[in-house]
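Taking it in order: structure first as structure tokens, then the write-up.
The values are calculated or read from the model by the stated rules, or taken from the named source; none is laboratory data. All figures in this text were calculated on a predicted structure; none of them were measured in a lab. Here Cβ is always computed from backbone atoms with ideal geometry, including for glycine, and neighbour counts include all displayed protein chains.
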Amino acid sequence: MTSERTTGPIGHVLDDRYEVVKKLARGGMATVYVAHDLRLSRTVAIKVMNDGLGDTGEFSARFDAEARAAARLTHPNVVSVFDQGSDDGRPYIVMEYVPGFTLRQVITREAPMDPRRAVELIEPVCAALAAAHAAGLIHRDVKPENVLISERGQVKVADFGLARAVTAQSHAGTAGLVIGTVSYIAPELVTKGRADPRSDVYSLGIVLYEMLTGRKPHRGDTPIQVAYSHVHNQIGPPSSEVSTTWRDGRGGIPPYLDALVTTAANRDRPLRPRDAGVLLGHLRAVKDALARGVADDPALDARVRRTEPHEASATTTAVPTLPPRMGAERQFTPVTPVSPAFDVTADGAPFYSNGPTPYSPASPHTRALPALDEGAVVPATASGTRDVARWRRFAAIVAVLAVLGGTGWGGWWLVEGRWTITPALATLTQGQAEDQVAGLEFTLTFQQEYSEDVPAGAIIRTEPGGDQRVLRGGTVTAWLSRGPERYGVPDVTRTTLDEATQAIGENSLTVGDVAQSYHDTVAEGRVISQGVDPGTQAKRDTPVSLVISRGPAPVAVVSFVGKPASELDAWAGENAIRLSVASENHDTVPRGAVIAQDPASGEVRRGDAMAVLVSKGPVMVTVPTGLRGQGQQVASQRVRDAGLVPELKRVVPNGLGWVIGSEPGEGASVPKGSTVILNIV
């Protein structure tokens, strides 16, 4: 597999059994691939150590031992280890393949979480760690990226045992100091390189804090600052990071959950629960209280602050007896469960040792070890006592060298080693970007926004940008273009100003200049016209000007009394005035002239009505006929009876008084009240 050192093992078959299909991710220690198990016809995940880490037999032996130790950990919430081997000098582990997503993605999407949701997700993680601690195994890299959630919702913890195998290889530059992901690392790992079950409990407390608040409790501009904060600062209660209060099973974080998180993540190791089994008991009590909607429970608060189990728990079992180390014939039972690759200091705290590790008899790297029956107690002979003393001196020297060598490596790891470089993804499509980052050590997420310059479907920018640093296992966000941002302009004519403003705002536009104008048909207060035609596609916040009707324009009233009605008709037509016309006889106003109008003065609006009275002229009567030959008295009476005024005109003085004619003549039509002259002889 020489060529694979640069091209990778994709397409190759490891040990004539595992056909490597694709790369999932690459870390500082190993690269994970998806492979097909040709023998059992199933999909598996294979973790292959990176170049330079497995070049010595010592490392391979330790890697083999750790793989076997992890394989013995059988639990429904632990990623199963199926097999291990070595290909071209590089060890690999075959593990269960869990398609789905990580807790990191859930936190990114949902945090801050409802307390019940957070506890429900963290409980199976704690159960997995409890099983590991009971078996004498320590994870040492508990973080959201190592918690997998299958497509069916099953939670599984990955990467048990691998970190310990790497720390045993001094050639890799670690020299016994394990530096976990800096946001979740226990203080004792930073200061002394020591790890025990309480270290996993601490990391789990930090993860739960982040799930509840959406923020990590220890923050800084550099990894060194974050690590310093772990060592010197206590975390505050997660409830201080949220604005709501727990009440009736809703909102906020109750005090007993605050107590559980701050106790688990206490920077003072002895003040934490002694292992995940104790923490699991507390966690389940908290889960029950949350389910019942308990707002506060001082007894539960006090219980979760205990570092020892309240009562016997099936998850906290006796620690397996450790085999003898370096030929020493001795046995001890540590205060806390420890990994077989750990020794114990004078204060009972386990720390990593560079001494030999017990191996499985089936390992090709097995060394001969003194036989030790399970559970047997070996007498401490004088020779054994001297061996123990020599071993303690040797361990002390190794510890000093580990701290010195590990400090340099730890500094590099915190400042540089935890970072990777992002590729330039701008202008690529989503599919092209996903292909480009396949196998890289970060998660690529997508958001959308409008762009005037970048075509729809192409990436506008990323955060961090191209060629920038991002934490391994972190997240890079890419913004996909939705194309130019355009909105349809609504038709707001004939609507009120308030209605128009609302409709324009709902389409992400703004109301521009508002003018007013008289209009004969558009009612006052309603839109006459708009500055952008309806249906036009406009940019966000484009101003749409409006013209609002003031109603019909006012008209000064002109008096047409006594004037011909035709003149009034012409004026009314020009000013859109509606005339309501009536007529009647009038003795003095000529026929067809205006007798009266209402209003007679002031102003009216175009479209208003005006009442008009037009003269029909005086009442006409007929001069009576048969007046000729009548006596003057009889004729005069008949004229008066006709509504006329008789006037006598004597043609012959001292005549007989007979009417010989009239002016106007008989049968003539004259206005009522007119004078009729009677000619008398």
- Query: In region 206-215, is there at least one residue being over 18 Å from Ala128 (Cβ atoms), at pLDDT 85 or above, of a type in the set (Phe, Trp, Tyr) and not assigned by TED's automatic domain parsing to the domain that holds Pro91?
  - Reply: yes
- Within region 97-109, of all residues that are in contact (Cβ under 8 Å) with a residue 40 or more places away in the chain and farther than 14 Å from Val79 by Cα, the one farthest from the chain's Cα centre (by Cα) is Leu103
- Query: Which is of a type in the set (A, V, I, L, M, F, W, C), outside the structural domain of Ala426 (by TED's automatic domain parsing) and modelled with pLDDT under 95, of Ala458, Ala523?
  - Reply: Ala523
- Return a yes/no flag: does region 507-515 have any residue that is part of a strand (DSSP E or B), over 30 Å from Leu428 (Cα atoms) and in contact with a Leu (Cβ under 7 Å, 6 or more places away or on another chain). yes
- Query: Restricting the search to region 71-106, which residues are more than 22 Å from Gly136 (Cβ to Cβ), of a type in the set (Lys, Arg) and surrounded by fewer than 22 Cβ atoms within 10 Å (Cβ to Cβ)?
  - Reply: Arg104
- Working carefully through the options Thr493, Thr445, find the one that is out of contact with any Leu (no Cβ under 8 Å at 6 or more places or on another chain), modelled with pLDDT of 90 or more, of a type in the set (Val, Ile, Thr) and assigned to a loop (DSSP other than H, G, I, E, B). Thr493
- Out of Val623, Val589, Val681, Val612, which single residue is in contact with a helix residue (DSSP H, G or I) (Cβ under 7 Å, 6 or more places away or on another chain) and either modelled with pLDDT of 90 or more or surrounded by 14 or more Cβ atoms within 10 Å (Cβ to Cβ) (or both)? Val612
- Looking only at region 185-229, and only at residues there that are under 26 Å from the mean Cα position of the chain (by Cα) and assigned to a loop (DSSP other than H, G, I, E, B), the one that is surrounded by the most Cβ atoms within 10 Å (Cβ to Cβ): His218
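What about Leu656, is it hydrophobic (A, V, I, L, M, F, W, C), at negative phi and surrounded by fewer than 15 Cβ atoms within 10 Å (Cβ to Cβ)?
Details: hydrophobic (A, V, I, L, M, F, W, C): yes; at negative phi: yes; surrounded by fewer than 15 Cβ atoms within 10 Å (Cβ to Cβ): yes.
When the stated conditions are applied, Leu656 passes them.
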- Of the residues that sit in region 429-457 and are closer than 24 Å to Arg472 by Cα and of a type in the set (Ser, Thr, Tyr), which one is surrounded by the fewest Cβ atoms within 10 Å (Cβ to Cβ)? Thr445
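Yes or no, residue by residue, for (1) in a helix (DSSP H, G or I); (2) buried (at least 19 other Cβ atoms within 10 Å of the Cβ); (3) β-branched (Val, Ile, Thr); (4) at pLDDT below 50:
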site: Gly281; (1), (2), (3), (4): yes, yes, no, no
site: Leu290; (1), (2), (3), (4): yes, yes, no, no
site: Gly293; (1), (2), (3), (4): no, no, no, no
site: Thr307; (1), (2), (3), (4): no, no, yes, no
site: Ala314; (1), (2), (3), (4): no, no, no, yes
site: Thr317; (1), (2), (3), (4): no, no, yes, yes
site: Arg325; (1), (2), (3), (4): no, yes, no, yes
site: Gln331; (1), (2), (3), (4): no, no, no, yes
site: Val335; (1), (2), (3), (4): no, no, yes, yes
- Note on the structure: Checked against (1) touching a Ser or Thr at 6+ places or on another chain (Cβ under 6 Å); (2) part of a strand (DSSP E or B); (3) farther than 25 Å from Ala523 by Cβ, Ala582 satisfies every condition except (1)
- Of all residues in region 131-166, count the ones that are of a type in the set (Gly, Ala, Ser), assigned to a helix (DSSP H, G or I) and at pLDDT below 85. 2
- Residues of region 475-506 being over 30 Å from Gly431 (Cα atoms) and not β-branched (Val, Ile, Thr), which ones? Gly488, Pro490, Asp491, Arg494, Leu497, Asp498, Glu499, Ala500, Gln502, Ala503, Gly505, Glu506
- What are the residue pairs meeting all of these: first residue in region 591-617, first residue in contact (Cβ under 8 Å) with a residue 60 or more places away in the chain, second residue among the β-branched types (Val, Ile, Thr), Cβ atoms under 8 Å, and 6 or more apart or on different chains? Arg606/Val555; Arg606/Ile577; Gly607/Ile577
- Taking region 446-474, which residues are within 21 Å of the chain's Cα centre (by Cα), charged (D, E, K, R) and closer than 12 Å to Ala424 by Cα? Arg461, Glu463
- Task: Restricting attention to region 76-90, report how many residues are among the β-branched types (Val, Ile, Thr) and in a strand (DSSP E or B).
- Result: 2
